[in-house]
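Quick one: the structure is below, and I'll ask about it shortly.
The values are calculated or read from the model by the stated rules, or taken from the named source; none is laboratory data. Everything numeric in this text was worked out from a predicted model, so none of it was measured. So basically every Cβ, Gly included, is an ideal-geometry build from the backbone, and we count neighbours across all protein chains shown. With ligands, DNA and RNA removed, areas are computed over all heavy atoms of the protein, side chains included. Shrake-Rupley method; radii C 1.70, N 1.55, O 1.52, S 1.80 Å.
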Amino acid sequence: MKMGIFDSLHVQKTVDELCKNLNVDPNLMRSICDVLVDLGLLMEQNGFYKNTEVSDIYLRADTPLHQQYVLNDLRSYFKLWEKLDEILKSGPIMVSEERFFEDHIKSLASRALCGELQRTVRIVAQLPEFKKARRLLDLGGGHGLYAIAFTKLNPKLEAYVFDFPEVLRHTKYYIKKFNAERVKVIPGNFFKDDIGKGYDIVFFAYNPGGKNPNLIPKTYSSLKDGGVFINKHVFYRKGEGSKDPLLDVEWSLVAWKGVKKRRHIYSFEGDLTFEEYVKLLEKYFSVIKIVDASYFASYPLSQLGDTLDSKIIIAKNVYNKRL
Ligand SMILES: C[S@@+](CC[C@H](N)C(=O)[O-])C[C@H]1O[C@@H](n2cnc3c(N)ncnc32)[C@H](O)[C@@H]1O
């Protein structure tokens with residue numbers, strides 16, 4: 001992708017033509033092209049090479065589904081793994097949470113576009129409450145693609161993406177890219193700051209607060225009567241151990257300043273188990289539906305960001321439940 005091989009082979013070429021195009025050594029490139037054929041990323045006929053369907057969609061720059069950021073992200077994780085011996089001795093690499101997500105948000109966006117976003121949005125859009133909704137909060141929305149998609153499906157909806165100011169720089173890029181006029185941003189930290197009021201829907205996906213009890217009453221108060229809280233996260237059941245030991249190691253290579261991670265992937269100090277979370281949720285809301293990952297997950301990369309056995313919990317703020 002860095003060399004532009006797939007951009008060039010959108011149209012079939014001989015190795016010599018390709019190398020003239022890229023200004024590289026044909027001998028080595030001939031072998032590389034054969035490897036790419038073996039991998040199913042190129043096809044060859046009578047000495048002409050051309051992208052296969054998959055590389056044409058995902059590996060050319062500037063296509064809607066290009067995966068350049070995902071590959072960059074995989075490489076940056078391999079570099080972290082190379083420091084495993086140092087990390088074992090001196091502890092995880094320390095970064096601020098804002099910086100971490102700033103670095104990874106474009107990769108998360110590209111991955112979401114490969115199916116999970118479309119499937120998740122379809123599940124939400126089927127709710128009768130979605131069709132009537134006018135204000136939606138995408139809490140910890142990052143890239144904002146969910147908020148953007150929701151406003152495209154409901155022409156009367158205004159959506160707000162709440163995230164750290166550093167991350168919202170990238171959200172604004174996607175808002176502009178997709179010409180999403182009814183998506184606004186709210187900078188802040190959802191553990192400390194006001195998240196606003198009067199929402200019809202709060203959508204909350206893959207966040208450090210996703211299993212935290214304090215955000216349930218906060219979300220409840222931000223919703224209108226009859227509003228809907230949609231929580232998509234990877235939960236642990238009571239007594240459950242590791243979901244994937246390799247990902248637990250990857251999870252622990254980096255620490256975020258001021259955030260206490262637990263040992264297992266996507267788990268934090270103060271998290272509730274799935275059973276505890278649903279029980280607390282029921283004190284404020286009525287749980288309408290719980291959707292398993294098989295209905296929305298996309299292809300796993302054995303990397304941080306994988307859907308694993310995530311669930312979408314859809315809960316309705318029923319009038320008078322707290323009275
Ligand atoms: C894994 S990303 C998920 C993005 C998006 N919701 C999705 O499902 O693809 C987590 C997002 O939560 C944001 N975030 C994490 N902690 C936060 C906090 N305390 N306050 C506001 N945003 C936070 C991060 O900056 C990041 O954009």
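In segment 199-323, what percentage of the DSSP-assigned beta bridges are antiparallel, given to the nearest 5?
Working: 13 of 19 bridges.
Of those bridges, close to 70 percent are antiparallel.
Oh, and also: Would segment 148-193 count as rounded, prolate or oblate if I go by the C-alpha gyration tensor, calling it rounded below 1.5 in a/c and otherwise prolate when a/b exceeds b/c, oblate otherwise?
Working: a/c = 3.36, a/b = 1.58, b/c = 2.13.
Oblate, because a/c is 1.5 or more while a/b does not exceed b/c.
Moving to a separate point now. Please name which of S252, P64, T120 has its Cα lying farthest along the dipole of the chain towards the positive end, using unit charges on Cβ (Lys, Arg +1; Asp, Glu -1) and the Cα centre as origin.
T120
Given the options Y49, F130, V318, identify the residue whose Cα lies farthest towards the positive end of the charge dipole of the chain (+1 on Cβ of Lys, Arg; -1 on Cβ of Asp, Glu).
V318
I've got another one for you. Please sort by residue number the trypsin sites (Lys or Arg not before Pro) in segment 175-242 whose DSSP state is loop and whose Cβ has at most 12 other Cβ atoms within 10 Å.
Values: sites: K176, K177, R182, K184, K192, K197, K211, K218, K224, K232, R237, K238; in loops: R182, K192, K197, K211, R237, K238.
The qualifying sites are K192, K197, R237, K238.
Once Lys and Arg get +1 and Asp and Glu get -1 on their Cβ, which of L153, S8, F101 lies farthest toward the positive end of the dipole of the chain?
Towards the positive end, the residue furthest out is L153.
Only Lys, Arg, Asp and Glu count, each charged at its Cβ (+1, +1, -1, -1), so figure out the dipole size of segment 89-246 about its Cα centre, rounded to 20 debye.
Details: 27 positive and 17 negative charges, 86 e Å.
So the dipole magnitude of segment 89-246 works out to roughly 420 debye.
Follow-up question, since we're still on this one. Write down the accessible area per residue of the chain in Å², having rolled a 1.4 Å probe over the full set of protein chains. It would help to have the intermediate numbers written out before the result.
Numbers: 16580 Å² over 323 residues.
Value for the chain: 51 Å² per residue.
Is there a quick way to get the dipole size of the chain? I mean about its Cα centre, with the Cβ of Lys and Arg at +1 and of Asp and Glu at -1; what is the value in debye to the nearest 20?
On the way: 48 positive and 41 negative charges, 322 e Å.
The calculated dipole for the chain is roughly 1540 debye.
Based on the Cβ-Cβ distance from K238 to D193, what FRET efficiency comes out when R0 is 25 Å, to the nearest 0.05?
Working: r = 32 Å, r/R0 = 1.27.
Once the sixth-power term is evaluated, E becomes 0.20.
Tell me the relative contact order for segment 119-219 as a rounded percent, counting alpha carbon contacts under 8 Å between residues six or more apart.
Values: 160 pairs, mean separation 30.2, N = 101.
Rounded, it is 30 percent for segment 119-219.
Let me ask something else about it. Report in % the part of the accessible area of segment 5-58 that belongs to carbon and sulfur, leaving out ligands and nucleic acids; probe 1.4 Å. Kindly include the intermediate steps, with their values, before the conclusion.
Numbers: 1760 of 3350 Å².
Solvent-exposed carbon and sulfur of segment 5-58 make up 52 percent of the total.
How big is the charge dipole of segment 5-58 about its Cα centre, in debye rounded to the nearest 20, if each Lys and Arg gets +1 on its Cβ and each Asp and Glu gets -1 on its Cβ? Intermediate results must be reported in sequence, preceding the final value.
Working: 4 positive and 9 negative charges, 23 e Å.
Using only the charged Cβ atoms, the result is roughly 120 debye.
Taking every DSSP beta bridge with both residues inside the chain, roughly what % is antiparallel (nearest 5)? Write down the numbers at each step before the final one.
On the way: 18 of 41 bridges.
The antiparallel fraction comes to roughly 45 percent.
Here is a further query. Can you tell me how segment 33-80 classifies by the Cα gyration tensor, rounded, prolate or oblate, using a/c under 1.5 as the rounded cut?
The shape class here is oblate.
Determine the order of K50, K283 by accessible area, beginning with the largest, at a probe radius of 1.4 Å. Working shown, then result.
Details: K50 80, K283 120 Å².
If we order K50, K283 from most to least accessible, we get K283, K50.
State which stretch of the chain is the longest one without any exposed GluC sites (Glu not before Pro), exposure meaning a DSSP loop state and at most 13 other Cβ atoms within 10 Å. Before the final figure, lay out the partial values.
Working: sites that count: E82, E181, E240, E269.
Here the longest run is 83-180.
Rounded, prolate or oblate: pick one for segment 97-316, where a ≥ b ≥ c are the square roots of the eigenvalues of its C-alpha gyration tensor, a/c under 1.5 means rounded, and failing that, prolate if a/b is larger than b/c, else oblate. Don't skip to the end; give the middle numbers.
On the way: a/c = 1.42, a/b = 1.19, b/c = 1.20.
It is rounded, given that a/c, with a ≥ b ≥ c, falls under 1.5.
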